[in-house]
1. Say whether the condition of being out of contact with any helix residue (DSSP H, G or I) (no Cβ under 8 Å at 6 or more places or on another chain), within 30 Å of residue 286 (Cβ to Cβ) and in a loop (DSSP other than H, G, I, E, B) is met by at least one residue in region 172-194.
2. List, please: which pairs have Cβ atoms under 8 Å, are six or more places apart or on different chains, and start with a residue in region 226-238 that is charged (D, E, K, R) and end with one that is at pLDDT 95 or above and not in a loop (DSSP other than H, G, I, E, B)?
3. Tally time: how many residues in region 121-172 are of a type in the set (Asp, Glu), at pLDDT 95 or above and buried (at least 18 other Cβ atoms within 10 Å of the Cβ)?
4. Does residue 126 satisfy being under 25 Å from residue 165 (Cα atoms) and assigned to a helix (DSSP H, G or I)?
5. All but one of (1) within 16 Å of the ligand (Cβ to nearest atom); (2) in a helix (DSSP H, G or I) hold for residue 81, so report the exception by its number.
6. Is region 100-117 home to any residue that is touching a strand residue (DSSP E or B) at 6+ places or on another chain (Cβ under 9 Å) and assigned to a strand (DSSP E or B)?
7. When both residues are 6+ apart or on different chains and their Cβ atoms are under 6 Å apart, which pairs have a first residue that lies in region 94-108 and is without any contact (Cβ under 8 Å) to a residue 60 or more places away in the chain, and a second that is hydroxyl-bearing (Ser, Thr, Tyr) and part of a strand (DSSP E or B)?
Amino acid sequence: MTLTRHWIVGPGALGRLIALRLAGTAEVTLIARRTLPAEQTLITPEHAALVRRVDVAHIEALPSPPPDVMHLTTKAHGAEAAHAALAGHLPEGVPLVLWQNGFACQPRLSERHAGPALCASTTEGAHVQDDARVTHAGHGHTFLGSLDGRHGELAARLAETLASAGLPAEAVDDIRLRLWRKLAVNAAINPLVARFGIRNGELRDAAFRTRVEALLAELAPILAAEGIAPPDGEGIAGWRRLVWQVIEATAANRASMLQDVQAGRLTEHEAILAPLLSAAEQHGLAAPDLADHLTALRARADALAQPGG
Ligand code: KPL
């Protein structure tokens, strides 16, 4: 199986980062709901400007032939609608790669997609400058694998393709664990920084530190009940180490959820918090702070959905 033609659905920061990196070595079409310039610039972490041309197609006027692989890079809450709009136009068997945060659409789309489905968990950082420019803020690493443990060879081939385009990646057989670990970190950081309008490093201040610790105390038993262990250490001590390491490493950053709030966009609260709360309920565990964040972010989402919101 060749992996030459890539469709990238969702022209946000991550989608355009992948598109522009891959465009150096593969045929890339960016699929969007709006018009974007074909000439795109990627500002690299080394501050170089990489100018690349990519084909841009509207989601309702798809090009032919079909792709060898389709990457879904929409926000978590847009993934299922985007997949539904495209699935009928794809021949059976085209591999799908899900790049979403959290753990909400991945099991459903892996089940629904008529072909191999891989999930990606990445620490690549990117942000949009404008319709023609995206910044690759820092080099990261991507893990690829399927939830049912199949398609290891495809994951390895795709990891190679990404790595040779400048996005280091590896195939793993424990992608569910990797997605949940990232979800745990996001749950401990993102709702707090989004609601209080602070950079990640401000969580080190005493008032916020206790809030992070309270979230860790709720997260650790839920994750243990789900069989999700921290990468290093055990139980709450391991989660504490991981979360504070990420806060240190990203101290100057505005987390993705804060960026969404500041841009007036929907946040990924359902994909990040709802799976934790449903696991808590299933295992009979209390999670009042996580629930409070979900309620507040849902109220904001409802207000956004109102006319003029
Ligand atoms: O992934 C992140 C995000 O911004 O969403 C970090 C920086 C780790 C914060 O949770």
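The values are calculated or read from the model by the stated rules, or taken from the named source; none is laboratory data. Remember, it's a predicted structure, so these values are computed and weren't measured experimentally. Please note: Cβ atoms are built from the backbone with ideal geometry, for glycine as well, and neighbour counts cover all protein chains shown.
1. yes
2. 226/180; 226/279; 232/238; 232/241; 232/242
3. Going through region 121-172 one residue at a time, the tally reaches 0.
4. So residue 126 does not fit the description; no.
5. (1)
6. yes
7. Filtered contacts from region 94-108: no entries.
Per-residue answers, yes or no, for (1) at pLDDT below 95; (2) touching a Pro at 6+ places or on another chain (Cβ under 6 Å); (3) in a helix (DSSP H, G or I); (4) closer than 23 Å to residue 221 by Cβ:
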residue: 267; (1), (2), (3), (4): no, no, no, no
residue: 277; (1), (2), (3), (4): no, no, yes, yes
residue: 280; (1), (2), (3), (4): no, no, yes, yes
residue: 286; (1), (2), (3), (4): no, no, no, yes
residue: 289; (1), (2), (3), (4): no, no, yes, yes
residue: 293; (1), (2), (3), (4): no, yes, yes, yes
residue: 296; (1), (2), (3), (4): no, no, yes, yes
residue: 299; (1), (2), (3), (4): no, no, yes, no
residue: 309; (1), (2), (3), (4): yes, no, no, no
